[in-house]
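The values are calculated or read from the model by the stated rules, or taken from the named source; none is laboratory data. Here the structure is a predicted model, which is why all the values come from computation and not from measurement. Because the Cβ atoms are built from the backbone with ideal geometry, glycine has one as well, and the counts that use them run over all protein chains shown. For accessibility, only protein heavy atoms count, side chains too; no ligands or nucleic acids. Shrake-Rupley method; radii C 1.70, N 1.55, O 1.52, S 1.80 Å.
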Amino acid sequence: MSASGGTKAIVAALVANLAIAVAKFVAFLFSGSSSMLAESVHSLADSGNQGLLLLGGKKAKREATPQHPFGYGRERYIYAFLVSIVLFSVGGMFAIYEGYEKIKHPHEIEAWYWPVGVLVFAIIAETFSFRTAIKESNAIRGSLSWKEFVRRAKAPELPVVLLEDLGALVGLILALAGVSVALVTGDGIWDGIGTLCIGILLILIAIVLAAETKSLLLGEAAGIDEVKKIEDAIVDGETVTRLIHMRTLHLGPEELLVAAKVAVQHDDTATEVAAAINAAEERIRAAVPIARVIYLEPDIYTESAAAAGPHPATSPGDASH
């Protein structure tokens, strides 16, 4: 799976959310609808989130330094995790507070055409943003389901934008339902209930985003397809006869570390072993271009080393092998 950052989807979401945030806030000023206020804060928070994703992508491109020899690729994960925190605190918690206050102190919605008109405009704009995110995701999703794509994607930007846009669309529908019922019944409490539902929705989405980006921050291995390609590339059957065991780790969405212990012929010279390792590294990079950092340790194959290799407590090159 490609690790594209989906910049087009981020920019589309940013433009849409800024326009929607302004429109929603104007509607709140004219109507007094708490759903409009919660939704305007939600759109403003989403705009800030897209800014964080763009900033993370820029910072991740910095060159490696002696202090950070593997580069700054994981900055993208850090900023994606910050997005989940902003969505939870600024979006979700504010909406719940505003909904509670409106339920406790309800009042009728004034100038109903403002919130209804803005919500219809916002649904159209968010649909455009969501469509762009879906199109960008389909280009790299392959045969994965949407659930699998969100869980397996190593680049966090597209899953974040997808979930944000989905949450925004559902939130707008909830806001429109709350405002509509409040207008029909003349009871402002329904506006507060719609706001409360928006807050709960945003918190649930924030929790999902936090869980997925936390996994990336902790360090995830390469995908199943990439692992298979690397395994097939390492062994040539002549100089490198077997893969004893291997570890992979994403240093960033587009940079993979590969560490493996490989079996070579017992009577090979040092020059032959070095040439075999160099050739294996070239094959790995040809098969999986994002495999940027590769450490291969030559060894003589034994059953005991092979049996110990996959155990989580061991690592390539462990002295106990």
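Sequence-distant or interchain residues sharing an amide H contact under 5 Å with residue 240, placed H: which?
Those qualifying (amide H under 5 Å, at least 5 residues apart or on another chain) number zero.
Need the C-alpha centroid separation for region 213-236 versus region 97-173, integer Å.
The distance from the Cα centre of region 213-236 to that of region 97-173 comes to 32 Å.
Starting with the highest mean, order 16-23, 59-66, 273-280 by the number of other Cβ atoms within 10 Å, averaged over the residues of each peptide.
16-23, 273-280, 59-66
Given axes a ≥ b ≥ c from the Cα gyration tensor, I'd like to know whether region 45-130 is rounded (a/c under 1.5), prolate (a/b larger than b/c) or oblate. Please list the in-between numbers first.
Values: a/c = 5.63, a/b = 2.28, b/c = 2.47.
Note, shape of region 45-130 comes out oblate.
So for region 98-189, what percent of the C-alpha to C-alpha distances run longer than 17 Å?
59
Quick one: in region 183-237, what % of C-alpha pairs are over 17 Å apart?
That tail contains 66 percent of the Cα-Cα pairs.
For the chain, set up a Gaussian network in which alpha carbons nearer than 10 Å are linked by springs, and say which option among 185, 269, 248 fluctuates the most.
Top of the fluctuation ranking is 269.
Once you keep just the Cα pairs under 8 angstrom separated by 6 or more residues, what percentage relative contact order results for the chain?
Rounded, it is 20 percent for the chain.
List the GluC sites (Glu not before Pro) within region 227-275 that DSSP assigns to loop and that have no more than 12 neighbouring Cβ atoms inside 10 Å.
Here the sparse-neighbourhood loop sites are 238.
Treat region 1-98 as a sphere of radius equal to its Kirkwood radius over Cα pairs and apply Stokes-Einstein at 20 °C in a medium of 1.002 mPa s; give the translational diffusion coefficient in µm²/s, rounded to a whole number.
D = 144 µm²/s.
Could you give the size of the charge dipole of the chain about its Cα centre, using +1 on the Cβ of each K and R and -1 on the Cβ of each D and E, expressed in debye and rounded to the nearest 20? Intermediate values should be presented prior to the final figure.
Numbers: 26 positive and 35 negative charges, 127 e Å.
Magnitude of the dipole: close to 620 debye.
I'd like the accessible area for residue 114, computed on protein heavy atoms only with a 1.4 Å probe and all protein chains in place. Round to 10 Å², please.
The accessible area of residue 114 comes to roughly 80 Å².
For residue 105, what accessible surface area do you get with a 1.4 Å probe? Give it in Å², rounded to 10.
It works out to around 100 Å².
Normalised by the residues of region 16-153, what does the relative contact order come to in percent, with Cα pairs under 8 Å and at least six apart?
It rounds to 31 percent for region 16-153.
Taking the Cβ of residue 109 as the center, what net charge do the other residues with Cβ under 11 Å away carry, scoring Lys and Arg +1 and Asp and Glu -1?
Surrounding charge for residue 109 is -3.
Report the residue, chosen from 33, 43, 180, that carries the largest GNM mean-square fluctuation when the chain is represented by alpha-carbon nodes joined by springs under 10 Å.
180
Counting Lys and Arg as +1 and Asp and Glu as -1, what is the net charge of the other residues whose Cβ lies under 10 Å from the Cβ of residue 249?
-1
Given 37 °C and 0.692 mPa s, how large is the Stokes-Einstein diffusion coefficient of region 32-179 in µm²/s, with Rh as the Kirkwood radius over Cα pairs?
It comes out at roughly 192 µm²/s.
For 295, 301, 79, give me the order by solvent-accessible area with a 1.4 Å probe, most accessible first, ignoring ligands, DNA and RNA.
Ranked from most to least accessible, the order is 295, 301, 79.
Is the C-alpha gyration tensor of region 222-274 telling us rounded, prolate or oblate? Criteria: a/c under 1.5 is rounded; beyond that, a/b larger than b/c is prolate, otherwise oblate.
The shape class here is prolate.
How compact is region 128-257 by the rule of thumb for globular proteins, expressed as Cα Rg over 2.2 N^0.38 Å?
Working it through for region 128-257, the quotient is 1.55.
Normalise the Debye intensity by I(0) for the chain, one equal point scatterer per Cα, no solvent, then take log10 at q = 0.07, 0.16 Å⁻¹ and round to two decimals.
-0.39, -1.17
Net charge near residue 279, counting Lys/Arg +1 and Asp/Glu -1 over other residues with Cβ under 12 Å of its Cβ?
-3
Which of 52, 29, 209 ends up with the largest GNM mean-square fluctuation for the chain, with Cα atoms connected below 10 Å?
29
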